[in-house]
Amino acid sequence: MDIASQNLIIKRFPALYRKRLPFGFECGNGWLDILLDLSEKIEKTAIVIGISTDSEKHPYAVQVKSKFAVLSFHGENLTEEMQTLINEASDISCQTCEICGAPGRIRIHNKWYTVYCDQHAPNGSILASERLSAAKNDNRERVYQRFS
Ligand SMILES: [Zn+2]
């Protein structure tokens, strides 16, 4: 994610991102809206249960990345309800182009799993769903459960 987008998130939610992420936000700009929405929901949830943004108990992010084309958000002080919000955001992310935010599908390119819309799919990439059916016919390939 570019620096301007990263700074925008941190500026809007300074409490949630009060600890510097060692590698920044390791995903594309297309997921910016998902992260803004998720961050807002987590902070609102904290306020509802009486945890203010200046409390030590306020949640904070420790790692935000795209892992096998799914948003992975790790943090501290997260409640079960916040974890549910994170899971919902992850479900949306794996159908959202990491480049532009349009609806997309998981594709494999140079062994990397990324969500691309049709417009941003790199030449030579294949749909993970197609790879799955190919792998089903050929058991030598390891298949990740989330694609089954
Ligand atoms: Zn796109």
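Table for the structure above
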item: Counted charge near Val48, where neighbours are those whose Cβ lies closer than 15 Å (Asp, Glu -1; Lys, Arg +1); result: -1
item: For Val62, Val115, order by how many other beta-carbon atoms lie within 10 Å, fewest first; result: Val62, Val115
item: Cα-based reach from Lys41 at 20 Å (exclusive), listing aspartates and glutamates while leaving out same-chain residues under 8 positions away; result: Asp33, Asp54, Glu56, Glu76, Glu80, Glu81, Glu88, Asp91
item: Neighbourhood charge, 12 Å Cβ-Cβ cut-off, centred on Ile99 and excluding it, Lys, Arg +1 and Asp, Glu -1; result: -2
item: MRE, 222 nm, helices only [DSSP H, n ≥ 4, -39500 (n - 2.57), over the chain, to nearest 500]; result: -11000 deg cm²/dmol
item: Ranked list, fewest to most other Cβ atoms within 10 Å of each Cβ, for Arg107, Arg131; result: Arg131, Arg107
item: Max mean-square fluctuation residue, GNM over the chain, Cα-Cα springs under 10 Å, options Ile51, Ile42, Ile86; result: Ile51
item: Percentage of interatomic Cα-Cα distances in the stretch 3-147 larger than 23 Å; result: 40 percent
item: Cys97 long-range amide H proximity, modeled H, under 5 Å; result: Ala102, Gly104, Cys117
item: Environment charge at Gly24 (Cβ cut-off 12 Å; Lys +1, Arg +1, Asp -1, Glu -1); result: 0
item: Distance in nm between pseudo-label sites at Glu88 and Leu8 (7 Å out along the Cβ direction from Cα); result: 2.2 nm
item: Exposed-loop-free span, longest in the chain, where chymotrypsin sites (Phe, Trp or Tyr not before Pro) count as exposed if DSSP calls them loop and at most 15 other C-beta atoms lie within 10 Å; result: 69-143
item: Residue exposure sequence - Ser66, Ser5 - by fewest surrounding Cβ within 10 Å; result: Ser5, Ser66
item: Reachable lysines, given that their alpha-carbon falls under 21 Å from the alpha-carbon of Lys111 and they are not under 8 places away in the same chain; result: Lys65, Lys67, Lys136
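Each reported figure results from applying straightforward, stated rules to the coordinates on display, with no laboratory input. What you see is a predicted model; the values in this text were computed from it and never measured. Here the Cβ is made from the backbone with ideal geometry for all residues, glycine too, and neighbour counts use every protein chain on show.
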